[in-house]
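Below is one structure, written out as structure tokens, with a few remarks after it.
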Amino acid sequence: MERTLVLLKPDCVQRRLMGEIISRFETKGFNVIAMKMLQVTPELAKQHYAEHVEKPFYPGLEEFITGAPVVAMCIEGLDIIRVVRDMLGATNGLNAAAGTIRGDYSSSRQMNLVHASDGPEAADREMKLYFDPTEICPYEPTLTPWLKAGDE
């Protein structure tokens, strides 16, 4: 099993799409093993987006991500990092395929509803920014045998 961080960004929260997006991950068969709503502080934004802090677009990004609450989730499943990013679609909602989360709900590059870690190292680093290990609650749903073969 692999884990990733997913953030439902301020635009997702403000547009009341949280349940819709969470449902898509659950319907896919993934386990939400940690979740909380929080207000991202400028300090947390700088840690999360450390690679972008010196870029000219960073002030707008920080203003956006700290502008309203986010929902942080740790999600677990097979090949989850790749699959979640495929489910999200292209970063710019105008370029995202229909059927993807951004393709169905976004028409913006910045207001693209959801962040997901882009690799195992990023997932590990980002999950530690948002969750203490005691807040992660892995579990095995009783319907797992109906979602995947035993050898997967």
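At-a-glance table
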item	result
Distance histogram for the range 41-110 (every C-alpha pair counted, 10 angstrom bins, percent rounded to whole numbers)	18, 35, 43, 4
Neighbour cut-off at most 16 other Cβ (10 Å), DSSP loop, GluC sites (Glu not before Pro), the range 15-105	54
Mean Cβ neighbour count within 10 Å, used as a protection proxy, ranking 90-99, 4-13 highest first	4-13, 90-99
Whole-angstrom gap from the range 50-101 to the range 15-42, using each part's C-alpha centre	12
More than 27 angstrom apart: percent of Cα pairs within the range 2-146	16
Dipole magnitude of the range 2-146 about its Cα centre (Cβ charges: Lys, Arg +1; Asp, Glu -1), debye to nearest 20	400
Net charge of neighbours whose Cβ lies under 13 Å from the Cβ of residue 38, counting Lys and Arg as +1 and Asp and Glu as -1	-1
Positive-end residue, the chain charge dipole about Cα centroid, Cβ charges, pick of 150, 133, 93	93
Cut-off under 5 Å, modelled amide H: who pairs with residue 118 long-range	123
Computed [θ] at 222 nm, helices only, for the chain once each DSSP H run of length n ≥ 4 contributes -39500 (n - 2.57)	-10000 deg cm²/dmol
Span-like helix ranges in the chain, DSSP H, alpha carbon extent 15 angstrom or more, Kyte mean at least -0.5	18-28
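All of the numbers you see were taken from the coordinates with simple rules; none came from a lab. All values reported here derive from a predicted model rather than from experimental measurement. We place every Cβ from the backbone using ideal geometry, glycine too, and count neighbours over all the protein chains shown.
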